[in-house]
Amino acid sequence: MTSSHKYHLPNGTSGDGDYDLVVTPESAGWGHSGLRILTLAPGQAHALSTEDSEFLVLPLTGSCTVTTDGSTFELEGRTDVFASATDFAYLPRASEALISSADGGTFALPSARTEQGGHPARYGPKQDVPVELRGAGACSRQVNNYCLPGTFDAEQLLVCEVLTPGGNWSSYPPHKHDEARTDADGNPVESELEEIYYFRIAGGDDAFAYQRVYGTPERPLDVLAEVRSGDAVLIPHGWHGPSVAAPGYDLYYLNVMAGPGQDRAWLICDDPAHGWVRATWDTQDVDDRLPFGETS
């Protein structure tokens, strides 16, 4: 098992100008999902053309003002990703936006290529972001559900954050969502979604975690990446998980997903070899280190 730079993008290897990280459908070799990480110095502004994609502006650290199509959104942001969820802004395709920050900060710009344009630019309040505690025991983690079916309307973009206490595993059991499948009755059981993981890890420059991705016999893929703050891992297909937080180092990752389906479903399938683990959570408590920071 090896880390492949085709799918593992270490911090500093995929930036461009103001962007610390740029993942486009073209650079990833797929059709829909994208992510840019924008760092602004105090008083700096950045012009963004969404072109054929919808975007979120999601503060990782700091606050910003987003001006677009006659609307202005003041994003209060947060001090860091472990402090709380954040407010955010939605930008539709074919729009122009100016992102400015009086005090500076770092901002995630997850995106999805789409042919649709029915949703206007709008503000997502922090207090409306559902914060979920998922799993139990050593599989306990927190999920901030920003832009998912039932939490925030979009065309094809799906965005959430996962925060995992040091020593725990998340994205576990391993699961996949790389083909549109239905059961014998015609009910959808899996959706086709490309996914990006973007990592932040508490504890300084030496803090680390691990990310596993592996394929099927028909579509092989084999990645075991040691990840650090600012790294990204691309998941074009296959089983992904676990995301392993080393003891002493709390783990954060931003998930960005999009695919060809117009129904914007997020349906996953567990690896049958490990899916039984879910049943063990019924007899375990959620890790008392959760939730992180403020939750309202």
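The values are calculated or read from the model by the stated rules, or taken from the named source; none is laboratory data. Quick caveat, the model's predicted, so the values are computed rather than measured. Using ideal geometry, Cβ is built from the backbone for each residue, glycine included, and neighbour counts are taken over all protein chains shown. What goes into the accessible areas is simple: the full protein's heavy atoms, side chains included, and nothing from ligands, DNA or RNA. Shrake-Rupley method; radii C 1.70, N 1.55, O 1.52, S 1.80 Å.
Of Gly248, Gly150, Gly261, the residue with the greatest mean-square motion in the GNM of the chain, using alpha carbon springs below 10 Å, is Gly150. Note on the chain: the C-alpha convex hull projects to 15.2 nm² when averaged across all orientations.
The percentage of C-alpha pairs in region 200-296 whose separation is greater than 23 Å is 43%. Put the Cα centre of region 90-130 next to the Cα centre of region 27-83 and the gap is 6 Å. Histogrammed with a bin width of 10 Å, the alpha carbon distances of region 108-213 distribute as 11, 35, 37, 16, 2, 0 percent, first bin at zero. Taking the Cβ of Tyr123 as the centre, find all other residues whose Cβ is under 9 Å away and add up their charges (Lys, Arg: +1; Asp, Glu: -1). Taking every Cβ under 9 Å from that of Tyr123, the sum is -1. In percent, rounded to a whole number, the relative contact order of region 1-155 is 23, using alpha-carbon pairs under 8 Å and six or more apart. Rolling a 1.4 angstrom probe over the protein heavy atoms with all chains in place gives the chain an accessible area of 41 Å² per residue.
At the listed q of 0.30 Å⁻¹, the Debye profile of region 221-262, built from one uniform point per Cα, gives log10 I(q)/I(0) equal to -1.41. Which parts of region 116-144 would a label at Glu76 reach, counting a residue when its backbone N lies under 19 Å from a point 7 Å out along Cα-to-Cβ? Under cut-off, by backbone N: 122-132, 144. Residues Lys6, Lys176, Lys126 ordered from highest to lowest accessible area at a 1.4 Å probe: Lys6, Lys126, Lys176.
Computed per residue of the chain from DSSP H runs no shorter than four, each worth -39500 (n - 2.57), the mean residue ellipticity at 222 nm is -500 deg cm²/dmol.
How far, in nm, would the chain grow between Ala94 and Asp52 when pulled straight, counting 0.36 nm per residue and subtracting the alpha carbon separation?
Stretched fully, the Ala94-Asp52 segment lengthens by 14.5 nm.
Eigen-decomposition of the gyration tensor built on the alpha-carbon atoms of region 1-156 gives equivalent ellipsoid semi-axes of 23, 21, 18 angstrom, largest listed first.
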